[in-house]
Amino acid sequence: MAGTRELNFTVDDSPTSISVVLAWAARLAVIAAFVFIGASKFSNNPHSEWVRVFERIGWGQWFRYFTGAVQVTGALLMLTPWTLTIGALLLGCTMIGAAITDVVVMHAPGYVLLPLALLGVIASIGFAGTYGSIAARRP
């Protein structure tokens, strides 16, 4: 058909400076939270909440140290784009474990909301970081 126009739609999906700042702010907040939460598990105070929680879980206090180490490591791995996915997976696994433990071991299904909310935030940051680095590499 002569004289017809062709419509071309383009989508600019490159990250804006505001989206980059917001993504980093969320990532740094999660990193700080998990460094704090993980480091607090290393306290040897017999009256601390974590000591009592892990006594109730029944796997021994070594599991408290292991969980703290996984959380601190996962948080630190989220600092760089190259290790973001691994860090998000580590933290996600701890939150899935916490949710299962809250329901099955602690018999407190209401407490499952916090680990699941954190899991959603971790997944969002992981996907945003992965997508942002892919979008930034496009020509």
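Read-outs throughout are calculated quantities, based only on the coordinates presented, and are distinct from any laboratory measurement. Model, not experiment: these values are computed from the prediction.
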Averaging sequence separations of C-alpha pairs under 8 Å and six or more residues apart, then dividing by the length of the chain, give the relative contact order as a whole percent. 24
Can you give the Kirkwood hydrodynamic radius for the range 1-59, in Å, rounded to one decimal and based on Cα pairs? 16.6
Cα-based Rg and Dmax for the range 17-137, where Dmax is the largest Cα-Cα distance (Å): 15.4, 51
Using θ = phi - 60° and the Karplus form 6.51 cos²θ - 1.76 cosθ + 1.60, what ³J(HN,Hα) does each residue of the range 121-129 get, whole Hz, x for Gly and Pro? 5, 4, 5, 4, 5, x, 5, 5, x
Angle in degrees between helix 17-40 and the longest Cα principal axis of the chain, rounded to the nearest 10: 10
